[in-house]
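Let me begin by presenting the structure, written as structure tokens, before commenting on it.
The values are calculated or read from the model by the stated rules, or taken from the named source; none is laboratory data. Small disclaimer: the values here were computed from a predicted structure and weren't measured. Virtual Cβ from ideal backbone geometry, glycine too; neighbours counted across all protein chains shown.
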Amino acid sequence: MYDMKKLAALVKELEDQLMVCMRCGMCQAVCPVFAETGREADVARGKLALLDGLIQEMFKDPKGVNERLMRCLLCGSCAANCPSGVKVLDIFLKARAILVGYMGLHPAKKAVFRGMLAHPRLFNSLVKSASRLQGFFVKPADDFLGTSCGRFFFPLADRHIKTFAPDSFHSSVGRLDTNGVSGLKVGFFVGCMIDKIYPNIGHAVLRALKNNGVGAFVPVEQGCCGIPALSSGDLKTFQKLVRYNLEIFPAGDFDYLVTACATCTSTIKKLWPMFADDLSEAEKSQMKELAEKTMDISQFLVEKTGLVTAGSCDAAQKALLSYHDPCHLKKSLGIAAQPRTLLRANSRYILKEMSEADRCCGCGGSFNLQYYGISASIGKRKRDSIVESGCSTVATSCPACMLQISDMLSQAGDRIQVKHAIEIYAESLE
């Protein structure tokens with residue numbers, strides 16, 4: 001349980017923010033969950049009305065309200081299209097923290113977040129062990145996409161998953177501290193999924209930085225950005241991870257902090273400062289400096305280095321490529337042109353836009369685990385847009401989106417590669 005004074009302060013902030021909503025219903029037209037369920041309780045307006053009632057009724061039914069609040073992808077489509085500028089995601093995250101503070105964290109989540117995620121070295125060791133044992137629980141499902149499905153009664157048997165990489169990014173790179181001829185130096189925040197599932201993305205980042213003359217600082221055993229814990233209302237674990245990362249990323253040692261994960265970028269830039277009340281003044285100052293100089297890798301390369309590109313390719317040899325906009329990159333940070341500039345730098349491809357390129361893929365982190373039926377239904381709509389574009393490769397800028405898209409394409413038997421935008425760019429440097 002949290003300190004009641006802190007809960008009261010969060011409730012007051014929630015009350016102030018709820019007053020802005022006019023209940024106009026514009027969020028209804030853009031909510032991917034509502035499009036599948038048709039339930040008013042699943043759209044932002046319904047949840048905001050519910051929260052207003054929650055405060056007035058003094059938490060009469062916190063479990064029921066919490067369950068309805070969790071039926072949200074946190075994609076930001078509602079906030080991005082709200083005429084009143086309601087900060088819907090801020091409200092939902094604060095509401096989840098209030099409810100967890102009031103009810104306590106679910107034992108399973110407490111074991112995952114506070115027992116493992118909050119301790120990066122232990123978490124890395126556990127994942128390393130799991131990567132060695134995963135063959136007993138999963139079997140190959142699609143060699144082309146590299147997905148697997150469950151054996152026997154594996155909990156995720158109804159989906160095609162990407163398993164842990166044999167070697168994580170941090171185990172193959174270790175600590176890195178280099179200087180580049182450009183005079184620029186960046187810290188590289190790797191993120192859990194790139195480190196443990198998609199290390200090839202991390203290596204593509206390093207290759208791109210080196211070819212553009214940029215030095216890189218990569219500390220050993222980074223921690224999670226904290227979004228899994230925060231989205232479940234666990235402020236304690238979130239703030240512990242923020243402090244951990246502040247310790248290993250001294251803000252003054254590099255010019256920018258880059259990430260190749262849309263969610264990590266958005267979390268560091270927007271959510272770290274928002275939920276920093278328990279940090280010391282020195283920590284807040286460092287965190288603010290770090291947040292201000294955090295950039296998506298495509299934004300950094302396009303805006304700060306000018307991009308080093310390779311030679312041209314014969315038009316007959318070019319393949320069709322499409323791009324999916326991650327919600328946390330476009331809707332939260334307004335970054336959409338830069339990844340496309342990165343893709344166009346590779347002359348081996350022709351960029352063909354898919355329909356609804358910025359519509360949520362349906363992953364939503366833990367939403368995919370709790371509400372897979374809804375998540376998959378949203379994902380199938382994204383899969384249809386990808387296939388209709390006629391592309392042979394689909395790129396995006398978020399490893400979570402890559403997981404969801406790979407699952408949908410694999411289950412449908414589509415032979416379309418799924419890559420990160422930085423991988424496409426790095427291929428042009430070979």
Residue, surrounded by the most Cβ atoms within 10 Å (Cβ to Cβ), within region 266-292, restricted to residues that are of a type in the set (S, T, N, Q) and under 20 Å from Gly191 (Cα atoms): Thr267
Enumeration of residues in region 333-350 that are touching a residue at least 12 places away in the same chain (Cβ under 8 Å), closer than 20 Å to Glu430 by Cα and of a type outside the set (S, T, N, Q): Pro339, Arg340, Leu342, Leu343, Ala345, Arg348, Tyr349, Ile350
Among the residues listed as Val30, Val88, the single one being crowded, with 22+ Cβ neighbours inside 10 Å and either within 18 Å of Gly365 (Cα to Cα) or modelled with pLDDT of 80 or more (or both): Val88
Residue within region 112-135 that is buried (at least 17 other Cβ atoms within 10 Å of the Cβ) and over 30 Å from Leu246 (Cβ atoms) present: no
Unmet requirement for Gly53, which otherwise passes all of (1) at pLDDT 80 or above; (2) part of a helix (DSSP H, G or I): (1)
Residue that is nearest to Cys225 (Cα to Cα) [pool: residues in region 123-178 that are among the hydroxyl-bearing types (Ser, Thr, Tyr) and in a loop (DSSP other than H, G, I, E, B)]: Ser168
When residues of region 211-251 are limited to those that are β-branched (Val, Ile, Thr) and crowded, with 19+ Cβ neighbours inside 10 Å, the one nearest to the chain's Cα centre (by Cα): Ile227
Only listed residue being touching a Lys or Arg at 6+ places or on another chain (Cβ under 8 Å) and under 21 Å from Asp277 (Cβ atoms), chosen from Leu105, Leu99, Leu93, Leu51: Leu105
Restricting region 300-322 to residues that are modelled with pLDDT under 75 and assigned to a loop (DSSP other than H, G, I, E, B), the residue that is surrounded by the fewest Cβ atoms within 10 Å (Cβ to Cβ): Gly311
Condition broken by Asp195, with the remaining ones in (1) farther than 21 Å from Leu117 by Cα; (2) of a type in the set (Asp, Glu); (3) modelled with pLDDT of 95 or more satisfied: (1)
Output for region 225-283, where each listed residue is more than 17 Å from Ala95 (Cβ to Cβ) and of a type in the set (Val, Ile, Thr): Thr237, Val242, Ile248, Val258, Thr259, Thr263, Thr265, Thr267, Ile268
Residue list for region 70-85, restricted to those being surrounded by fewer than 21 Cβ atoms within 10 Å (Cβ to Cβ) and in a helix (DSSP H, G or I): Met70, Ala80
Test result for Phe254, of a type in the set (Phe, Trp, Tyr), surrounded by 15 or more Cβ atoms within 10 Å (Cβ to Cβ) and free of Cβ contacts under 8 Å to residues at least 60 places away in the same chain: no
Output for region 19-49, where each listed residue is farther than 16 Å from Cys327 by Cβ and free of Cβ contacts under 8 Å to residues at least 24 places away in the same chain: Met19, Gly25, Gln28, Gly38, Arg39, Glu40, Gly46
Whichever residue in region 224-271 is part of a loop (DSSP other than H, G, I, E, B) and among the acidic types (Asp, Glu) and, among such residues, is nearest to Ser285 (Cα to Cα): Asp255
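Can you pull out the helices (runs of 4 or more DSSP H) entirely within region 342-430 that have at least 2 residues that are among the basic types (Lys, Arg) and within 29 Å of Glu67 (Cβ to Cβ)?
Correct list: 372-388.
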Ile374 aliphatic (A, V, I, L, M), farther than 25 Å from Lys162 by Cα and surrounded by fewer than 23 Cβ atoms within 10 Å (Cβ to Cβ): no
